[in-house]
Each structure stands twice: as structure tokens, then as C-alpha cells.
Amino acid sequence: LIKFLEKKEIIKKVNFRRDFAANQKSMGTEKNIDFNEFTKCLRDSIKEGFTVSNVTEVQPENLSDDITKEFRRQATKRAKPGEKLTTIIRFNAEYDKKGVPYWTRVNAYVYIHIVEECEDNWLATNQYKFGYDLTIELNGISVDSDKAIKLSELIAKSDVSAAIAAIESQCALTWDDL
């Protein structure tokens, strides 16, 4: 079945460093923080890093949402003007990507070290700057979506022996494949 579905194993380790800024007006106040600007800037930054690193198995939107959720939980205070704070976040997550021509499911180990700095100058009053080092390890599989649909239709419409015969007509099966 694996041969029929054209399974491809995915094993990747990606590491990149990026910086971005989010201004105080968009971030809210220390007591009432709005993380939408942080999430948006992080998403755009990760998207750029994924493009350079050729990562297509995880959507930047999903990863940035998961990182923001953990960041909100762990970083309970904001940097004050002239101060730097660091947060290390680690988690495992599963990501699915269904589409043409492949369906992909990966388990991702995410390690990100975020440095938050609040600038204290007369030009950029309370401008928040973030820098991060991101390492993401991906392990998973990808299968041909058209063949997966054909296989499910074949199994639903016929008995097991007919399904095996149809699969064998397209690719040779051995006992190791079953």
C-alpha cells in the first residue's frame, strides 16, 4: 500500500534567526497586551525563513499561533524601556497539510529562544523589538492525495481480493509490503 500511495518520508532540521519590531501602540500597554501585532510580525518573519529554508510541510500561520500561545503563557511581563527579556519555548506539535498533489502529516519539535527588547529613545518611544533563534525538527510522511482517494474508493466499492488485485496491477506487492 505504501508503494501504491507513493509515500515519502520527511526528515528535516531547520534553524534560522530573525528580528522584527512591533510598536507599543499596536502591542497595547504592559497591563493590557495585544498579541495580534506580535503574531502577525512573527508569522511574516517565519514565512520568510521557511521560504529561504524550503519548508513547505508546516504553515507559518499555524506555527506562529502555537508559538504565540506558548509565549503568552510563559512570558508574563513585558520588557521595560531599556530592558531585554528572554524566553525559551519548547514544544511538540502535529501539523497536517491536505492538498494536491500530496497529503502531509509531520510531527514537529520546536525550540525557539525569543529576546524581547523595549527601546528607550526619543525617536521610537517604547518600540518593542524581538529577535529569535528558531530550530524546528520535522518527522513525518507525505502521500499522493489522488492515489489515497482512489484507494479509499477502491476499498469501499469492492472486496479485499479485488482491491489487492487492482493495486498489484499498478505496483508489485511483496509480503514485506503488506
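No value in this document is a laboratory result; all are computed from the given coordinates. Bear in mind the structure is a predicted one, so any value in this text is a computation, not a measurement. Cβ: placed from backbone, ideal geometry, glycine included. Neighbour counts: every protein chain shown.
Straight-distance candidates among the aspartates and glutamates for linking to Lys97, with alpha-carbon spacing under 18 Å and chain neighbours fewer than 8 residues away dropped: Glu6, Glu9, Glu57, Glu61, Asp65, Asp66, Glu137, Asp144, Asp146. Remark: for residue pairs Lys13/Lys84; Lys40/Lys77; Lys80/Lys129, the C-alpha separation exceeds 22 Å in Lys13/Lys84. For Lys157, a cut-off of 20 angstrom between C-alpha atoms picks up these lysines, skipping any fewer than 8 places away in its own chain: Lys147. In a reduced charge model with +1 at each Lys and Arg Cβ and -1 at each Asp and Glu Cβ, the stretch 10-141 shows a dipole moment near 180 debye about its Cα centre. Shown in residue order for the stretch 84-99 are the 3J(HN,Hα) couplings computed by the Karplus curve 6.51 cos²θ - 1.76 cosθ + 1.60 at θ = phi - 60°: 10, 10, 10, 9, 10, 10, 9, 6, 10, 8, 9, 10, 10, 9, 9, x Hz (x for Gly and Pro).
As a proxy for reagent exposure, ranking Thr87, Thr135 by other Cβ atoms within 10 Å from fewest up yields Thr135, Thr87. In a reduced charge model with +1 at each Lys and Arg Cβ and -1 at each Asp and Glu Cβ, the stretch 86-167 shows a dipole moment near 480 debye about its Cα centre. Among Leu138, Ala75, Val55, whose Cα sits farthest toward the positive end of the charge dipole of the stretch 10-141 (+1 at Cβ of Lys/Arg, -1 at Cβ of Asp/Glu, about the Cα centre)? Highest projection toward the positive end goes to Leu138.
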